[in-house]
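The values are calculated or read from the model by the stated rules, or taken from the named source; none is laboratory data. Computed from a prediction, not measured in an experiment: that's the story for all the values here. Counting neighbours? That spans all protein chains shown, and the Cβs are built from the backbone with ideal geometry, glycine included. Note: accessible area is taken over every heavy atom of the protein model, side chains too, but ligands, DNA and RNA are not part of it. Shrake-Rupley method; radii C 1.70, N 1.55, O 1.52, S 1.80 Å.
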Amino acid sequence: MKTAIILHGTLGSPSGNWFQWLGQELKGRGFQVWLPQLPHAEQPSLQEWTDFVHTECPFVIDSETLIVGHSSGAILSLVLAQQNTKPVGSVVAVSVFHDNSLKWEPNNRLFDVAFDWGAIQTSIKKLLFIHSDNDPYVPLDQAQFVADNCKAEMIVIPAQGHFNLEQSDEYKQFPKLLEILEQKAFYLA
């Protein structure tokens, strides 16, 4: 069975932004979808989040799984894949970053698991990064650094901020993301 995990970011929830909409779209395409409320999103820890997902996920994360993460949820999607015992089908990381160099206090605990770029490359069958050129929280060079280290494609969508409701109420949905998933054949067979 095709499965999907949609991961929110710091200070987020599964009811925020476009996450519920994407979940419904994927369910309509035959996916079993899990949109967890990640613990302590106000001051997240990658270790705590990965432990939570490994314990609470209602299905096995494997080659039939699509993980879509936003912001720190995008980082979590990569760490989950690098730690998973089986290859992950695909990961789409939206507005990813690699450190807290911007010194945003809610992310002070986030980076307690190191990236293993080689493990990420070998543990994900299809990997894609999506970013904007005017993200107020995550500079483009942060995402480019992660994409380069993962040897993966990054699509830059101009003038879309952090792909969230702060940018526009239109981000209750994200049809461009679905279009990209279709174009890049990210729906698992």
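Filtering region 172-189 to residues that are aliphatic (A, V, I, L, M) and in a helix (DSSP H, G or I) leaves L177, L178, I180, L181. For the residues S77, S45, S71, the requirement of being touching a residue at least 60 places away in the same chain (Cβ under 8 Å), open to solvent by 10 Å² or more (accessible area, probe 1.4 Å) and small (G, A, S) singles out S71. The set of residues in region 85-117 that are polar (S, T, N, Q) and within 19 Å of N149 (Cα to Cα) comprises S90, S95, N100, S101. Of the residues screened, F163 is not one that is at pLDDT 95 or above and closer than 24 Å to I61 by Cα. Looking at region 126-158, which of its residues are in contact with a strand residue (DSSP E or B) (Cβ under 8 Å, 6 or more places away or on another chain), over 15 Å from S72 (Cα atoms) and not hydrophobic (A, V, I, L, M, F, W, C)? The answer is K126, S132, D133, Q144, E153, P158.
Taking only region 66-90 into account, find how many residues are out of contact with any helix residue (DSSP H, G or I) (no Cβ under 9 Å at 6 or more places or on another chain) and under 15 Å from S13 (Cβ atoms). Here the count works out to 1. Checking each residue in region 157-171 for being surrounded by fewer than 14 Cβ atoms within 10 Å (Cβ to Cβ) and not in a loop (DSSP other than H, G, I, E, B) picks out D169, E170.
Applying the condition of being under 30 Å from K103 (Cβ atoms) and among the aromatic types (F, W, Y) to region 1-42 and asking which residue is surrounded by the fewest Cβ atoms within 10 Å (Cβ to Cβ) yields F19. Could you please let me know if V60 is crowded, with 23+ Cβ neighbours inside 10 Å and among the hydrophobic types (A, V, I, L, M, F, W, C)? Answer is no for this residue. Annotation note: of K103, K86, K126, the sole residue that is open to solvent by 60 Å² or more (accessible area, probe 1.4 Å) and under 15 Å from the mean Cα position of the chain (by Cα) is K126. Checked against the criterion of being in contact with a helix residue (DSSP H, G or I) (Cβ under 7 Å, 6 or more places away or on another chain), open to solvent by 60 Å² or more (accessible area, probe 1.4 Å), under 24 Å from L26 (Cβ atoms) and among the hydrophobic types (A, V, I, L, M, F, W, C), region 131-154 contains not a single residue that satisfies it. Of all residues in region 13-42, which are within 13 Å of T3 (Cα to Cα), in contact (Cβ under 8 Å) with a residue 12 or more places away in the chain and polar (S, T, N, Q)? Across region 13-42, the qualifying residue is only Q32. I61 fulfils the conditions (1) touching a residue at least 24 places away in the same chain (Cβ under 8 Å); (2) closer than 21 Å to Y137 by Cα except for a single criterion, (2).
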